[in-house]
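Student: Sharing a structure, written as structure tokens. Questions coming.
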Amino acid sequence: MIHLRGITKQFGDYPALHGIDLDVAPGEFIALLGPSGSGKTTLLRIIAGLEFQDSGTVLLGGEDVSRTPVADRHVGFVFQHYALFRHMTVADNVAFGLSVRRGKHRIAKAARQARAEELLRLVQLEGLGSRYPGQLSGGQRQRVALARALAIEPRLLLLDEPFGALDAKVRKDLRRWLRDLHKAMGLTSIFVTHDQEEALELADRVVVMSQGRIEQIGAPDAVYMNPETPFVSHFVGETNRLPASGGEIHFRPHEITVTPDGSEAVLVDNVFRKGAVWRAEGLLEGSGQFVELDLPSSQDAPRLGQTIRFNPHRARMFNADGDHTQGDLP
Amino acid sequence: MSQQPTSESPLARAALITVALTFLGFFLLLPLLAVFSEALRQGAGPFLDALHTPDALAAIRLTLIIAAISVPLNMVFGVAASWAITKFQFPGKALLITLIDLPFSVSPVVSGLIFVLLFGANGLFGAWLAEHDLKIIFAVPGIVLATVFITFPFVARELIPLMLEQGKDDEEAAISLGATGWQTFWHVTLPNIRWGLLYGVLLCNARAMGEFGAVSVVSGHIRGETNTMPLHVEILYNEYDFVGAFAVASLLALLALVTLVAKTVLEWRFGLHAGARH
């Protein structure tokens, strides 16, 4: 569906993307995950045609659109801050892409309104067509923006931090709703996020980016369980780092076994409940490294000042030159 | 009423308000009242007669013509400049932003002189203009040029911060939905800036009708031909025709009042819109 080859982009002296290759299959739901400045939004805008790459090619459905402007790419784009037209009603917003068609593509007003009504039903905003965007909540506005993007029957849906401006509860509901919608429609979709939880929950595949490069592409479980670079290990999920000869050992807070003869010891200086587990924090004896451990909350909470001895039972070793080995430890 | 942490003591508040009101009274209200009382000193008859002289009517007509030409021009220039500055990156952008403010930072007399130096009899293009029998200085085209120059910043300065704040998302959304550049401007950008634009046009109009310095240099003060209202006021005043001078001046003052009211109404609508935006 989408094939990107050697995409580079520079803003003045600042290199935003260094040679990105990416293939997306029809119907896939892809997350571009990375911190700010990783180039994820720039990549999304290049796929949309809102920005043009300095070199490299963009193929959409076998067609080379490398120099095609956004208006001719037939992609739906959803903005972080919705970008709804505030002087138009919700229904007029949704029908905008149809009302600007001219010549033989022109659609009669009644048909446009019917289509808008249908899309509002799809995004569960039936009956709100005559309201103005200013009268809707954030979550409702983002759904209007989605309906507006879908109205042009795009071959591809691109979402730039679609939940970024919403509060936690709405964000979670909308996330679940979007996943269901994607399942029902099967439209190839790419969304940008800096929230690893969001990426892991929604996407079929996660593309982790850092400093204009792709660090890892994989299913959410693979990216979480088998990070290939120290960056991915650190950015996706929580990670403890232990210095080791020739590199670092990374393990998740839950990848430990507490045992009296454990090789590592931590002096607990903070304890709190983190959902279903106790989270204990403290400094390692010897190295003084800060670590976080998850302990089952079926047991008593660890006490402050207590020393916990443990072994990481699963960890990854990253060498200084970037190579890594991983797996279960004895 | 509970004391706010940021508010002053009642005494300080009263003192500050008194100072502000006294200042406003002396420097704004009193002169305004003086203009109208001087104009009507000998009653409504002489006041209306003064406005009915051929020279006064010619000055009023010329002022309206100048405004009718220069305000639409600056509306178009202002929107174009703001659009270019806020939606695109191009070399020389910082210079353009500085140039927009130039008419505000240069004395109006100097602005007028620039046009005399360019188009006057001894100016850069003077010989060529004389050859082709074109008259700019001491004629209506010169007054229009000077007025356009002086009032150029009003619309652009109103729109640039507004359009910067609104960003490019709406426009990008529109073109991603298949709209052409013109459709995007007409259906998305223009409605987004309409109140700001109207506000800028209003201020631009007030200045276009009231400009004295630059217009005085290029006009030549030919009675009944190149005298605008402000110039006419000065001539009558210098001839000790106080009723006539203040009668015309009261029209200009009235324009200022109408502008103020319209501005207040717009700010109210504007504020309402800014609130509904988020």
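Student: Could you list, in sequence order, the residues of the range A:259-280 that are of a type in the set (A, V, I, L, M, F, W, C) and loosely packed, with under 13 Cβ neighbours inside 10 Å?
Tutor: A:272, A:276
Student: Shifting gears a bit: I'd like the full set of residues that are in a loop (DSSP other than H, G, I, E, B) and without any contact (Cβ under 8 Å) to a residue 24 or more places away in the chain, limited to the range A:1-30.
Tutor: Matches in the range A:1-30: A:12, A:13.
Student: Let me ask another. Please verify whether residue A:17 is at negative phi and buried (at least 19 other Cβ atoms within 10 Å of the Cβ), treating the condition exactly as stated.
Tutor: So residue A:17 fits the description; yes.
Student: For residue A:207, all conditions in the list (1) closer than 21 Å to residue A:26 by Cα; (2) without any contact (Cβ under 8 Å) to a residue 24 or more places away in the chain hold save one; what is the number of the exception?
Tutor: All conditions pass for residue A:207, except number (2).
Every residue, every condition in (1) modelled with pLDDT under 95; (2) surrounded by 19 or more Cβ atoms within 10 Å (Cβ to Cβ); (3) within 21 Å of residue A:185 (Cβ to Cβ); (4) within 14 Å of another protein chain (Cβ to nearest Cβ), yes or no:
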| site | (1), (2), (3), (4) |
| --- | --- |
| A:7 | no, yes, no, no |
| A:37 | yes, no, no, no |
| A:40 | no, yes, no, no |
| A:51 | yes, no, no, yes |
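Student: Within the range A:241-258, identify whether any single residue is within 25 Å of residue A:226 (Cα to Cα), without any contact (Cβ under 8 Å) to a residue 40 or more places away in the chain and surrounded by fewer than 16 Cβ atoms within 10 Å (Cβ to Cβ), and answer yes or no.
Tutor: Looking for residues that are within 25 Å of residue A:226 (Cα to Cα), without any contact (Cβ under 8 Å) to a residue 40 or more places away in the chain and surrounded by fewer than 16 Cβ atoms within 10 Å (Cβ to Cβ), one finds at least one in the range A:241-258, hence yes.
Student: Could you look through the range A:66-93, keep only residues that are within 28 Å of residue A:1 (Cβ to Cβ) and more than 10 Å from chain B (Cβ to nearest Cβ), and pick out the one that is surrounded by the most Cβ atoms within 10 Å (Cβ to Cβ)?
Tutor: If we take residues in the range A:66-93 being within 28 Å of residue A:1 (Cβ to Cβ) and more than 10 Å from chain B (Cβ to nearest Cβ), then A:66 is surrounded by the most Cβ atoms within 10 Å (Cβ to Cβ).
For (1) over 16 Å from residue B:84 (Cα atoms); (2) at pLDDT below 90; (3) touching a strand residue (DSSP E or B) at 6+ places or on another chain (Cβ under 9 Å), each residue gets a yes or a no:
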| position | (1), (2), (3) |
| --- | --- |
| B:162 | no, no, no |
| B:168 | no, no, no |
| B:172 | no, no, yes |
| B:175 | yes, no, no |
| B:178 | yes, no, no |
| B:186 | no, no, no |
| B:190 | no, no, no |
| B:195 | yes, yes, no |
| B:200 | yes, no, no |
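Student: Among the residues of the range B:153-199, how many are within 7 Å of another protein chain (Cβ to nearest Cβ), surrounded by fewer than 19 Cβ atoms within 10 Å (Cβ to Cβ) and acidic (Asp, Glu)?
Tutor: Here the count works out to 1.
The values are calculated or read from the model by the stated rules, or taken from the named source; none is laboratory data. Keep in mind the model is a prediction, meaning the values are calculated, not measured. Every residue, glycine as well, gets a Cβ built from its backbone with ideal geometry; the counts of neighbours run over all protein chains shown.
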